[in-house]
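A.B. asks: Handing you this structure, nothing more for now.
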Amino acid sequence: MMTSRRSVTWLGACALGLVAVTGAQATEGSTLSDREHLGKALFFDKALSFNGNQACATCHAPAAGWTGPKTRINAAGGVYEGSILGRFGNRKPPSAAYATPAPVFHMETEDGAALFVGGNFFDGRATGEKLGNPAADQAQGPFLNKVEQALSDPACVVWKACGRPYAWLLKREVPGACDVAWPARIEHQCTAGKTVPLPAAQRAKVSSTYDAIALAIAAYEASSEVNAYSSKFDAWQAGKVRFTPLERAGFDVFEGKAQCAACHPVERGANGEPPLLTDFTFDNLGVPRNPDNPWYTRPFNPDGTAWVDAGLGGFLVQRADYQAYAAESSGKHKVPTLRNVDKRPSRRFVKAFMHNGYFKTLEGVVDFYNSRDVKPRCADPLTTEADALAQGCWPEAEVAENVNVDELGNLGLTAYEQRALVAFLKTLSDGWTPAP
């Protein structure tokens, strides 16, 4: 059995990443605690955005594996529009499922080289250093991001939440959370994109409540409703079902010839915990630019079509403690969990893969891993996945430096092995039930 390139202690990751959940049940017979119920209400609430039209779930929908739910968008740029019309980010939504066990962002040393581990977002910038939980740090980002939910002040988030039907849960979580002397013009200040003027004591209360909101969202994301561990793969590991011959062959390829398990380990934890299929590290796979990325033409992007996503390196250059490692980390993005990688609401639904949504099919992803360094370079660096597969080429990497050439690029997989690998990846979707 292939071991991960990095030894991950599942329980250690959970201790760093998961929120302890206690308290009475908000609904009799529910499996969610009060905090988780609060987090769920916040997660699905569109009112917590500038125009009242975007929730966390808008970009992280359960039916699509807690990521982007719109075929039309996934089939093109893969990037979702924010609350304000015409404002787009620069990356596709990562999955909100299985994000909570990520450890707090930190640097380790492996074979004498720096290895960054943990955090959330594709570049790791939701470190967990603020709230002790990367998922909670991440939850605070979209509310105030001008290309996402676009609110101007944490006070606007708290004020809106205090006026929602679930406010009683928020008040139970944080006694006095909504006992704030809101300015008479707060609605105008929030819709005008201004900072809400508050005395220091009131501002401190708002900040504490805003942190509690993020921790509640992370608690919901850590619940069994989001991290279900209910795939065919889980049933197979538990000895409750057999794989088909093709799925079993794909698992063997995953662990062996394709080297997938080096970054997506499949071993159970020390106490039998199910695998997370990520080692929480970062990698540059040589993914091409997505020519349909709307960010290239957005006013918030001063570089226009010359913009390059530096990923982890772009985050590290902003950190005095890690700045020296920025260049060698350029182009690296977080290794995602492969759980729910193919979960979709219908067979014809299009998913977008990789940080920029370049790939639209698992078949294309597997072919790229297998032949990136074998096929010739496409003449046009903005060739789409479909055209590249048709032409028998691959475009150049968006970031040519630091590309992983040890674990992919020339795997030598046969056509059967590629099909088998795709078949195995399709066993990782939650909600699996045996055929009648």
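The numbers here are math on the coordinates, done by the rules we state, and not lab data. Keep in mind that this is a model prediction, so the values were computed, not measured. In this analysis, Cβ positions are derived from the backbone assuming ideal geometry, glycine residues included, and neighbour counts consider all displayed protein chains.
A.B. asks: Just to confirm the number: angle between the C-alpha axis of helix 362-371 and the first principal axis of the chain, 0 to 90 degrees, nearest 10?
C.D. replies: Value to nearest ten degrees: 50.
A.B. asks: Among 383, 414, 278, which one shows the highest mean-square fluctuation when the chain is modelled as a Gaussian network with alpha-carbon springs under 10 Å?
C.D. replies: Among 383, 414, 278, the largest mean-square fluctuation in the Gaussian network model of the chain belongs to 414.
A.B. asks: Right, something else. Could you put 374, 253 in order, starting from the residue whose Cβ has the fewest other Cβ atoms within 10 Å?
C.D. replies: 374, 253
A.B. asks: What angle, in degrees between 0 and 90 and rounded to the nearest 10, separates the Cα long axis of helix 245-255 from the longest principal axis of the Cα atoms of the chain?
C.D. replies: 80
A.B. asks: Which residue fluctuates the most in the chain, going by a Gaussian network model with Cα springs under 10 Å, if the choices are 223, 207, 346?
C.D. replies: Ranking 223, 207, 346 by mean-square fluctuation puts 346 first.
A.B. asks: Among 40/360; 46/205; 130/205; 334/375; 146/343, which pairs are too far apart, with a Cα-Cα distance over 20 Å?
C.D. replies: Beyond 20 Å between Cα atoms: 40/360; 46/205; 334/375; 146/343.
A.B. asks: For residue 332, give me every one of the lysines with a C-alpha distance below 19 angstrom, ignoring sequence neighbours fewer than eight places off in its own chain.
C.D. replies: 92
A.B. asks: Continuing with this model, one more query. Step through the residues of region 342-359 one at a time and calculate ³J(HN,Hα) from phi using the Karplus curve (6.51 cos²θ - 1.76 cosθ + 1.60, θ = phi - 60°), rounding each to whole Hz and writing x for Gly and Pro.
C.D. replies: Per residue, the Karplus-derived 3J(HN,Hα) values read 10, 5, 8, x, 7, 5, 8, 5, 9, 9, 10, 10, 6, 4, 10, x, 4, 8 Hz.
A.B. asks: How much length is gained on full extension from residue 321 to residue 224, taking 0.36 nm per residue of separation minus their Cα-Cα distance?
C.D. replies: Roughly 31.3 nm would be gained on extension.
A.B. asks: Ok, one more. Determine, from the Cβ-Cβ distance of residue 51 and residue 373 and an R0 of 51 Å, the FRET efficiency 1/(1 + (r/R0)^6), rounded to the nearest 0.05.
C.D. replies: For residue 51 and residue 373, the calculated efficiency is 0.65.
A.B. asks: Determine the gain in length on full extension of the stretch residue 145-residue 267; use 0.36 nm per residue of separation and subtract their C-alpha separation, reporting nm with one decimal.
C.D. replies: Roughly 40.2 nm would be gained on extension.
A.B. asks: List the trypsin sites (Lys or Arg not before Pro) in region 342-436 that DSSP assigns to loop (not H, G, I, E or B) and whose Cβ has at most 10 other Cβ atoms within 10 Å. Which are they?
C.D. replies: Counting only loop positions with at most 10 other Cβ atoms within 10 Å, the trypsin sites (Lys or Arg not before Pro) in region 342-436 are 347, 348.
A.B. asks: Per residue, how much space in cubic angstrom lies within the convex hull of the C-alpha atoms of region 11-221?
C.D. replies: Here the figure is 142 Å³ per residue.
A.B. asks: Does anyone have the angle between helix 415-425 and the longest principal axis of the chain? Alpha-carbon axes, 0 to 90°, nearest 10?
C.D. replies: 20
A.B. asks: Sticking with this structure for a sec: Pick from 176, 132, 364 the residue whose mean-square fluctuation is largest in a GNM of the chain, springs joining Cα atoms under 10 Å.
C.D. replies: 176
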